[in-house]
Every structure is written in C-alpha cells, then in structure tokens.
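Read the structure below first, then the notes.
All of the numbers you see were taken from the coordinates with simple rules; none came from a lab. Remember, predicted model here, so these are calculated numbers, not experimental data. Glycine gets a Cβ as well: all are built from the backbone with ideal geometry, and neighbour counts include every protein chain shown.
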C-alpha cells in the first residue's frame, strides 16, 4: 500500500445534493480496508454506529459500516468521505 500524505484535519461537510453535477471520484488503487484502518488510526474519520437492522449475512463485508451485504469499495458514503478528504487536500495518493 502506498503511503497517504496527511495535510490537515477533517471537518464535516454535507453530501452533494441531487441538483449538483454528478461527482467524479479519484481512483483509489489501495486496498479500501487498509485505507479505512489508516484513516481511523490517524483520527481522520470515525465509524458510524452499527445499524442492527442493516446487518445481513450474505455478500461482502463493509468495514466502515461493519455489516455484511456489500464491500467497502462499493459503499458510496465511504467514497464520498474519501473524495472530500482528497478535495480538501487533507490526503493525497502519491505515486
């Protein structure tokens, strides 16, 4: 996994609304689960509370929501969080 350059701390911002232009995401080549752990260790993100109603026993495992049913790389909220950090130049994916 490549190193993530940390630039500043995170502030929460609202998600884009339906009326905005569709969001373009930075391609992340790193393992999403390793990226999640790195951001958690650095205190850049926090995990949401576990929604017991959302827990399923099929499909991939999402380390962000801590539920089965989808993989973290498929979870739009996680993609938005990462893209917010990139857009604010808090993290970068150096080559």
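Return the distance in nm (one decimal) between the two label points of a simple spin-label model at residue 47 and residue 70, each offset 7 Å from Cα along Cα→Cβ.
With each label point 7 Å from Cα toward Cβ, the separation is 1.8 nm.
For each of 33, 87, count neighbouring Cβ atoms within 10 Å of the residue's Cβ, then give the residues from fewest to most.
Fewest-to-most ranking of 33, 87: 87, 33.
Got a sec? How would 23, 65 order by Cβ neighbour count within 10 Å, fewest to most?
With the fewest neighbours first, 23, 65 line up as 23, 65.
In nm, what is the difference between 0.36 nm times the number of residues separating residue 80 and residue 34 and their Cα-Cα distance?
14.9 nm
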